[in-house]
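Notes follow the structure.
The values are calculated or read from the model by the stated rules, or taken from the named source; none is laboratory data. Values in this document were obtained by computation on a predicted structure and should not be read as measured data. With ideal geometry, Cβ positions are generated from the backbone for all residues, glycine too; neighbour counts draw on all protein chains shown.
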Amino acid sequence: MLPEKKLDVAVSEAVSQRLVTHLREDTTDLAEHDLFVPVADFVSPERAAAEVALLKSLPTVVAHASEIRNNGDFLTREILDMPLLIVRQTDGRAQVYLNMCRHRGGRVEQAATGNKRVFMCQYHGWSYDRDGGGLRTVPYESSFEKIERGCNSLIAFPTEERHGLVFAVLSQTPAPALADYLGDAVDEQMAPWQLDASSVVLDKTFVMDINWKLIMDGAIDIIHPRFLHPGGVGDLIESNVGVFKDYGRHCQHFGARTKLKALAKSEATVSGGSKYIGSNLVIYPNSMMIAAPEHVEFWTVWPCVGHPGRSLTHLRFLVRDAILDDALLARVNKSWEILQRAATEEDWPMERFIQQNAEAWPHGTYRYGRSEVACAHLHRQLQSDLDEAARKA
Ligand code: FES
Ligand SMILES: [Fe+2]
């Protein structure tokens, strides 16, 4: 059982023992081979367009449940250039619509957030139900030919909520059932975090001239902290030591905090927990959940359509409502300051250099070593899905 006041990383004894063994023997989990990724994959417009199409065909996280907590709550958000209207319906289910009027394409909602039963387009007053998006009223209807209600609802995207995350498939391709898509292992890891009973306590977005995969790589990579973050994160996390768990499309990496190394070397009996072990759960293709003792750092990285070298990083910190108080909030903000420094002063500038270099010299390949297994897993999966999509096209 988890202690009531603590959110803890669900680290199995097996993972924690494997990590301790790695620390004692100076080893780490390894992929079978290095992976070579074409540099062009970070700059090519064709590749970027194929990735956007792929992302639209997969369940991706478009909101957290607490952002539309009550029935009727909505938010508008642009994702992959698609204006979305994300609504909590009367039955409590989340629904994602295209924020586009079926008359002549106006936005049916312009506010960022609010609570409504009906959405009315401000151009000519057509209105739509929050439940199902059905067309309700059409001013001057007699001056139109017959308007079929059945085919003039808001465009609705397959939407499912799990662990407090609102997933949508932003296309009309048949969506896999979310439980199957995530799989049991991901469910098992996420359940203890109670994200469905959590709130967003910090919400930041960053648009940067960096390909989205480089941002993902930077947060997953375990061999850089001691070089890029000396005197900061590099002193807290062991570089090049990790346990990798393959969850099909998704994966998780467990890394050791430096204090675990001292314990492991002392031959003391060590049992895992967030005090000693950090983890990054990659929800394929573009979300990550980095667990800390009292909060979860939730990252989603979106490519910017038409700009292979640009992306939007959406960072939210989630805290369980049951433990949220001012003191905790202060600690979470402290943690943000540390992350912010590492990300904005060290990680992202380095990723920007990589992007510039890829644009200057889009030839050859970048190499992901055998211990960069989690990064490689993402790139391998992406390539395999893109190959599959190309075969079907
Ligand atoms: S475009 Fe929405 S009512 Fe005309
Ligand atoms: Fe970093």
Next on the checklist: Scan the range 295-312 and tell me whether some residue there is closer than 27 Å to VAL15 by Cα, surrounded by fewer than 17 Cβ atoms within 10 Å (Cβ to Cβ) and either more than 19 Å from the chain's Cα centre (by Cα) or not assigned by TED's automatic domain parsing to the domain that holds ASP41 (or both).
Outcome noted: no
Item to check | the range 11-45, subset part of a helix (DSSP H, G or I) and among the hydrophobic types (A, V, I, L, M, F, W, C), residue farthest from THR258 (Cα to Cα) | outcome: ALA40
Next on the checklist: The conditions are (1) within 26 Å of LEU260 (Cβ to Cβ); (2) under 18 Å from the mean Cα position of the chain (by Cα), and LYS204 fails exactly one of them. Which is it?
Outcome noted: (1)
Next on the checklist: Can you report the number of residues in the range 116-139 which are at positive phi and free of Cβ contacts under 8 Å to residues at least 24 places away in the same chain?
Outcome noted: 1
Item to check | Criterion: farther than 30 Å from GLY306 by Cβ, more than 16 Å from ligand 2 (Cβ to nearest atom), of a type in the set (A, V, I, L, M, F, W, C) and crowded, with 18+ Cβ neighbours inside 10 Å - qualifying residue of VAL201, VAL186 | outcome: VAL186
Checklist outcome for this item: Log entry, pairs with first residue in the range 84-101 being on the phi > 0 side of the Ramachandran plot, second being surrounded by fewer than 18 Cβ atoms within 10 Å (Cβ to Cβ), beta carbons closer than 9 Å, six or more apart or on different chains, reads GLY92/ASN71
Item to check | Residues satisfying the stated conditions in the range 226-246, i.e. more than 10 Å from ligand 2 (Cβ to nearest atom), within 22 Å of the chain's Cα centre (by Cα) and crowded, with 17+ Cβ neighbours inside 10 Å | outcome: GLY242, VAL243, PHE244, LYS245
Next on the checklist: Given the condition within 19 Å of GLU78 (Cβ to Cβ), part of a strand (DSSP E or B) and under 15 Å from the mean Cα position of the chain (by Cα), answer yes or no: does some residue in the range 139-160 qualify?
Outcome noted: no
Checklist entry - Within the bounds of the range 352-366, is there any residue that is more than 22 Å from GLY278 (Cα to Cα), of a type in the set (A, V, I, L, M, F, W, C) and buried (at least 17 other Cβ atoms within 10 Å of the Cβ)? => result yes
Checklist outcome for this item: Within the range 110-167, the residues that are surrounded by fewer than 14 Cβ atoms within 10 Å (Cβ to Cβ), within 15 Å of ligand 1 (Cβ to nearest atom) and of a type in the set (S, T, N, Q) are GLN110, GLN122, THR137, SER143
